[in-house]
Amino acid sequence: MLSTEIQNLGEEPCFRLEQLPGKSPHLAGKASPQVNSRWDAPEVTANGVHDIEDRILRITGYYGYKPGYSSHRREEGSESHAETPVSETSGKGTAYQTCANTVLKVLGGLLVVLCVSSSWVGITQVVQLTFKSFSCPFFITWFSTNWNILFFPLYYSGHVATTREKRTPIQKFRECSRMFGENGMSLKVFLKRTAPFSILWTLTNYLYLLALRKLTATDVSALYCCHKAFVFLLSWIVLKDRFMGVRIVAAIMAITGIVMMAYADGFHGDSFMGVALAVGSASTSALYKVLFKMFLGSANLGEAAHFFSTMGFFNLIFISCVPLILYFTRVEHWGSLSSLPWGYLCGVAGLWLVFNILVNVGVVLTYPILISIGTLLSVPGNAAIDVLKHEVIFSVVRLAATCIICLGFLLLLLPEEWDTVTLRFLTTLADKKTEEHGEELSESSVHTRSRSRANGAVSIPMA
């Protein structure tokens, strides 16, 4: 209950007005000069008559009348109308800029997805073409891994071209080597951190190439997609990641697809061996990713370039002896160096380097989920080439197994909070519908009230 005291220092008696509940005080005496200037009485016109709207509101007490309320509202309205265009313009500019950035990021992501899937399809198909004249999978793996040395020089060239800050390659290399610890790179750290990852990297690619000698490109690429399920299982067991029922279902679907793929031609012969090799490649890839997350954590683009180049150096220095051993033991024997299919070999190595660069750059520039989708799209890409060029006929069991594995892969891409986000989204939609319904009711009541005013009906609040 508001109270207003108006006192003219003995000239007139003191009046005390009590406002009714929900009402504003009525003017019952001369206004004191101490009243807030915001609510000073409106100026009197030449004929001594107040604004007609103020008089009506004063008589009726409608909507908490205060002297000069209507004129003040008109002034505020004019000021707000004068200020609104500026704020609306700035708000719209920010919204447009945000939308434009999002659209560019999505379009860039789609382009990266297309390039990632195309490069992975190209690797698989060129390897199979190479096997027709040069069936030495470990030599191909070793030769392609050596090209990872070029990753950091390419990154440094792009860094110099896109930034004003100029650092020497040695300074940038030392800066990026902090991912191995505060002391940076040393011989002990080089052997301790690089050796296991380089061995897992070589083993993953070698098993993948061995599987391509037994199965079609479509089957191998589909089975390799199971590495996502193995990453989840290992992260759940080793890293104690959050348990998610939908990912368990996806892992079961991946295992089901593997069994169906092995059963397609019976559990014998080259088909079963090819499935085992592809699953082994997916398993070592999952172990590589989990160990990387455990010991090195996340890495930015510069650190990833440093790491890949370091693995390339380790491969060139310490693993070069393996191709020589295989050559002299006649496991992988080739003729003179001039007889090697250097075009195919450089094609595979170049595509592999491009694939690694696109994966790491794409994670920085776009959404990581798009990179995973790019790997998945290699399955239909290889299937199209196998059907159109190699005239491969897929059995119903193989098609079903491929579809189950791909569906499980998509389920594994769901974020950890997907259920909470979905419920929140549905709740927001329900709230919006409720608000829209309430606004429609309020608008209809306002229209009804305005029509009643036009007809001369005046609502006087009851005390």
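The values are calculated or read from the model by the stated rules, or taken from the named source; none is laboratory data. Bear in mind that the values here come from a model prediction, so they are computed numbers and not experimental data. When we count neighbours, we look across all protein chains shown, and the Cβ atoms used for this are built from the backbone with ideal geometry, even at glycine. Remember, those area values only see protein heavy atoms, side chains included, never the ligands or the DNA or RNA. Shrake-Rupley method; radii C 1.70, N 1.55, O 1.52, S 1.80 Å.
Given the residues F190, F173, which is the only one that is open to solvent by 40 Å² or more (accessible area, probe 1.4 Å) and assigned to a helix (DSSP H, G or I)?
The match here is F173.
Which one is nearest to T124 (Cα to Cα) among residues in the stretch 382-403 that are open to solvent by 70 Å² or more (accessible area, probe 1.4 Å) and of a type in the set (D, E, K, R)?
Among residues in the stretch 382-403 that are open to solvent by 70 Å² or more (accessible area, probe 1.4 Å) and of a type in the set (D, E, K, R), the one nearest to T124 (Cα to Cα) is K389.
Let me confirm something: among L215, L239, L223, L209, which residue is buried (at least 21 other Cβ atoms within 10 Å of the Cβ) and in a loop (DSSP other than H, G, I, E, B)?
The match here is L215.
Of the residues L277, L353, L340, L345, which is touching a Phe, Trp or Tyr at 6+ places or on another chain (Cβ under 7 Å), closer than 18 Å to R213 by Cα and modelled with pLDDT of 90 or more?
Step by step, each of L277, L353, L340, L345 is checked, and only L345 is touching a Phe, Trp or Tyr at 6+ places or on another chain (Cβ under 7 Å), closer than 18 Å to R213 by Cα and modelled with pLDDT of 90 or more.
Which condition from (1) within 29 Å of the chain's Cα centre (by Cα); (2) farther than 20 Å from A299 by Cα; (3) in a helix (DSSP H, G or I) is the one that K228 breaks?
Among (1) within 29 Å of the chain's Cα centre (by Cα); (2) farther than 20 Å from A299 by Cα; (3) in a helix (DSSP H, G or I), the lone unmet condition for K228 is (2).
In the stretch 246-303, what residues are under 30 Å from L154 (Cα atoms) and either in contact with a Pro (Cβ under 6 Å, 6 or more places away or on another chain) or of a type in the set (A, V, I, L, M) (or both)?
A282, A286, L287, V290, L291, M294, L296, A299, L301 - these are the residues of the stretch 246-303 that are under 30 Å from L154 (Cα atoms) and either in contact with a Pro (Cβ under 6 Å, 6 or more places away or on another chain) or of a type in the set (A, V, I, L, M) (or both).
Going by the conditions given, is G109 at positive phi and open to solvent by less than 40 Å² (accessible area, probe 1.4 Å)?
No; evaluated as a whole, the condition is false for this residue.
Just to be sure I understand, how many residues within the stretch 129-160 are polar (S, T, N, Q), assigned to a helix (DSSP H, G or I) and surrounded by fewer than 20 Cβ atoms within 10 Å (Cβ to Cβ)?
Within the stretch 129-160, residues that are polar (S, T, N, Q), assigned to a helix (DSSP H, G or I) and surrounded by fewer than 20 Cβ atoms within 10 Å (Cβ to Cβ) number 2.
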